[in-house]
């Protein structure tokens with residue numbers, strides 16, 4: 001085992017975690033990243049005119065499931081809190097509707113229930129407590145056998161859960177849609193809209209995604225953290241952890257293809273013509289970027305892709321609406337938004353806007369009246385490999401998105417031009433995705449099982465990232481890297497572990 005050569009392709013969260021675990025186990029690890037810095041989708045974008053306020057987090061912004069990171073650092077004999085400033089968020093998100101109403105959700109369930117009672121009435125406040133209990137039960141049923149384990153088939157999952165827990169498995173409601181299940185709990189359509197948004201966390205429609213996704217509510221109630229210095233610091237901290245274990249990083253280094261010789265992986269060929277020999281390769285990119293020869297599942301068809309987005313990173317002054325760290329602005333017709341994206345392949349007239357005010361919240365440095373860093377995002381179809389949006393189209397979308405926020409009371413005065421990224425821009429950053437930010441859409445009862453597992457089609461190839469099991473998002477992609485590393489190490493040690501599904505310890509997961 002010591003000295004075995006591993007090339008990790010991609011320094012996103014999955015690749016970083018795999019590099020840290022493999023280097024700690026004694027492998028000779030080299031990470032190749034086509035960008036100039038680590039993080040993958042967890043990137044920083046330079047925006048605005050003030051150098052002190054120019055680095056805007058331009059990707060995922062929600063840090064949850066801290067137990068995954070405690071485990072990653074703890075297995076290396078370190079503490080995550082010694083390398084990251086993590087501050088528990090009291091306010092999970094602030095929500096506003098164009099037709100009226102504002103609602104904050106809090107880390108404290110009782111406080112959220114009181115807020116919902118004032119917003120929508122006592123019946124919906126009681127419904128919220130029921131919803132929280134259901135989401136907790138779903139999470140507890142699936143955390144170990146699904147999230148922290150190598151990709152199961154449906155039968156494997158049933159076997160892992162066990163016959164005694166089959167009633168719990170049935171209560172995860174895999175055969176119902178999230179939108180339908182939310183109707184069991186909430187009378188106020190705005191609350192169904194709010195909690196239906198959990199489907200977008202995995203790039204999906206609440207009308208097509210399974211009700212199982214309500215487990216995300218428990219994930220948030222179990223802790224959302226704000227990161228001192230911005231969410232990009234998480235990627236940097238794991239890079240440095242991997243380097244302390246002995247991993248080497250090569251940035252601005254693009255892979256051309258994985259080399260297969262004599263039926264197994266032999267290394268990678270770089271875009272500059274250099275060959276890197278390896279005993280194994282961990283690919284931390286979208287599964288569709290691999291060739292049919294080595295990809296274990298079919299490439300994701302355009303109609304099966306998850307959501308893309310149009311984003312704007314900017315430095316600005318704001319007034320009229322007191323921002324939290326995480327903010328969501330809704331129009332009225334939520335169903336129309338997802339029908340437009342997934343059926344008509346366009347952006348609806350009044351899209352929901354997510355706004356991250358990076359300098360706000362418990363970890364924030366915001367001073368009233370000062371310039372702050374903002375990320376605004378609207379959902380879009382992942383058709384970035386087709387005709388790109390032109391300047392006029394992006395300007396129109398900007399007017400609609402920022403107009404919706406203004407209708408909710410928020411006025412934004414940008415300092416310098418916002419930096420926009422469209423689906424074609426995301427496709428250029430993350431090849432073969434069409435701009436999809438979450439891999440395959442998690443639609444239907446079997447959507448969760450359609451992702452690739454940790455192994456490629458040929459020996460020596462392993463897979464990590466948001467397009468493989470257990471899915472997208474900061475903690476899940478990190479978990480995928482840990483699972484890929486564990487699978488690789490189990491295969492190298494051979495014996496009885498070779499065909500057994502690997503699991504990652506989940507101490508502190510609940």
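The values are calculated or read from the model by the stated rules, or taken from the named source; none is laboratory data. Worth saying up front: this structure is predicted, and the values here are computed from it rather than measured. Virtual Cβ from ideal backbone geometry, glycine too; neighbours counted across all protein chains shown.
Looking at region 173-210, which of its residues are in contact with a strand residue (DSSP E or B) (Cβ under 8 Å, 6 or more places away or on another chain), closer than 24 Å to residue 125 by Cβ and crowded, with 24+ Cβ neighbours inside 10 Å?
Residues satisfying the conditions are 178, 193, 206.
Answer yes or no: is there a residue in region 391-401 that is crowded, with 20+ Cβ neighbours inside 10 Å, in contact with a strand residue (DSSP E or B) (Cβ under 8 Å, 6 or more places away or on another chain), modelled with pLDDT of 95 or more and not in a loop (DSSP other than H, G, I, E, B).
Among the residues of region 391-401, at least one is crowded, with 20+ Cβ neighbours inside 10 Å, in contact with a strand residue (DSSP E or B) (Cβ under 8 Å, 6 or more places away or on another chain), modelled with pLDDT of 95 or more and not in a loop (DSSP other than H, G, I, E, B), which makes the answer yes.
If you check 127, 113, 123, which single one turns out to be closer than 23 Å to residue 324 by Cα and in a helix (DSSP H, G or I)?
113
Evaluate region 418-425: report whether one residue or more is assigned to a loop (DSSP other than H, G, I, E, B), over 28 Å from residue 100 (Cα atoms) and either at pLDDT 95 or above or within 25 Å of the chain's Cα centre (by Cα) (or both).
yes
State yes or no: is residue 373 touching a strand residue (DSSP E or B) at 6+ places or on another chain (Cβ under 6 Å), crowded, with 18+ Cβ neighbours inside 10 Å and within 27 Å of residue 224 (Cβ to Cβ)?
yes
Please verify whether region 224-236 includes one or more residues that are surrounded by 24 or more Cβ atoms within 10 Å (Cβ to Cβ), in contact with a helix residue (DSSP H, G or I) (Cβ under 8 Å, 6 or more places away or on another chain), at negative phi and part of a helix (DSSP H, G or I).
Yes, region 224-236 contains at least one residue that is surrounded by 24 or more Cβ atoms within 10 Å (Cβ to Cβ), in contact with a helix residue (DSSP H, G or I) (Cβ under 8 Å, 6 or more places away or on another chain), at negative phi and part of a helix (DSSP H, G or I).
Which residue is surrounded by the most Cβ atoms within 10 Å (Cβ to Cβ), if the candidates are limited to region 6-36 and must be within 16 Å of residue 489 (Cα to Cα) and out of contact with any strand residue (DSSP E or B) (no Cβ under 9 Å at 6 or more places or on another chain)?
Top of the filtered list is 17.
Somewhere in region 329-338, is a residue farther than 21 Å from residue 206 by Cα, buried (at least 23 other Cβ atoms within 10 Å of the Cβ) and touching a residue at least 24 places away in the same chain (Cβ under 8 Å)?
Checked against the condition, which is being farther than 21 Å from residue 206 by Cα, buried (at least 23 other Cβ atoms within 10 Å of the Cβ) and touching a residue at least 24 places away in the same chain (Cβ under 8 Å), region 329-338 yields no hits at all.
Taking the condition free of Cβ contacts under 8 Å to residues at least 24 places away in the same chain and more than 26 Å from the chain's Cα centre (by Cα), does residue 344 pass?
Judged against the criteria, residue 344 is not a match.
Do the conditions hold for residue 376, that is, is it closer than 25 Å to residue 91 by Cβ and assigned to a loop (DSSP other than H, G, I, E, B)? Walk me through how you get there before you give the answer.
On the way: closer than 25 Å to residue 91 by Cβ: yes; assigned to a loop (DSSP other than H, G, I, E, B): no.
For residue 376, the condition - closer than 25 Å to residue 91 by Cβ and assigned to a loop (DSSP other than H, G, I, E, B) - is not met.
Within region 360-400, which residues are in contact (Cβ under 8 Å) with a residue 40 or more places away in the chain and closer than 16 Å to residue 413 by Cα?
Within region 360-400, 369, 370, 371, 372, 373, 374, 375, 376, 398, 400 qualify.
Looking only at region 348-370, filter to residues that are touching a strand residue (DSSP E or B) at 6+ places or on another chain (Cβ under 6 Å) and part of a loop (DSSP other than H, G, I, E, B); which one of those is surrounded by the most Cβ atoms within 10 Å (Cβ to Cβ)?
Here the residue is 358.
Filter region 51-60 down to residues that are touching a strand residue (DSSP E or B) at 6+ places or on another chain (Cβ under 6 Å) and surrounded by fewer than 22 Cβ atoms within 10 Å (Cβ to Cβ) and give me whichever is nearest to residue 427 (Cα to Cα).
Per the stated criteria, the residue is 55.
The rows are residues; the columns are (1) out of contact with any strand residue (DSSP E or B) (no Cβ under 6 Å at 6 or more places or on another chain); (2) free of Cβ contacts under 8 Å to residues at least 60 places away in the same chain; (3) surrounded by 24 or more Cβ atoms within 10 Å (Cβ to Cβ).
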{"site": "412", "(1), (2), (3)": "no, no, no"}
{"site": "424", "(1), (2), (3)": "yes, yes, no"}
{"site": "439", "(1), (2), (3)": "yes, no, yes"}
{"site": "468", "(1), (2), (3)": "no, no, yes"}
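Before we move on, is residue 490 in a helix (DSSP H, G or I) and buried (at least 23 other Cβ atoms within 10 Å of the Cβ)? Before you say what the answer is, go through the steps one by one.
Working: in a helix (DSSP H, G or I): yes; buried (at least 23 other Cβ atoms within 10 Å of the Cβ): no.
No, not satisfied.
Out of region 266-300, which residues are farther than 23 Å from residue 13 by Cα and either buried (at least 18 other Cβ atoms within 10 Å of the Cβ) or modelled with pLDDT of 95 or more (or both)?
Listed by number, the residues that qualify are 266, 272, 273, 274, 275, 277.
For region 138-172, give me each residue that is touching a strand residue (DSSP E or B) at 6+ places or on another chain (Cβ under 9 Å), assigned to a loop (DSSP other than H, G, I, E, B) and either surrounded by fewer than 15 Cβ atoms within 10 Å (Cβ to Cβ) or at pLDDT 65 or above (or both).
Of everything in region 138-172, those that are touching a strand residue (DSSP E or B) at 6+ places or on another chain (Cβ under 9 Å), assigned to a loop (DSSP other than H, G, I, E, B) and either surrounded by fewer than 15 Cβ atoms within 10 Å (Cβ to Cβ) or at pLDDT 65 or above (or both) turn out to be 148, 150, 151.
Please verify whether residue 435 is touching a helix residue (DSSP H, G or I) at 6+ places or on another chain (Cβ under 7 Å), part of a loop (DSSP other than H, G, I, E, B) and closer than 30 Å to residue 70 by Cα, treating the condition exactly as stated.
Judged against the criteria, residue 435 is not a match.
Do we find that residue 484 is touching a strand residue (DSSP E or B) at 6+ places or on another chain (Cβ under 8 Å) and under 22 Å from residue 238 (Cα atoms) in this structure?
yes
Just need a number here: residues in region 70-100 that are in contact with a strand residue (DSSP E or B) (Cβ under 8 Å, 6 or more places away or on another chain) and outside any helix (DSSP H, G or I).
Result for region 70-100: 15.
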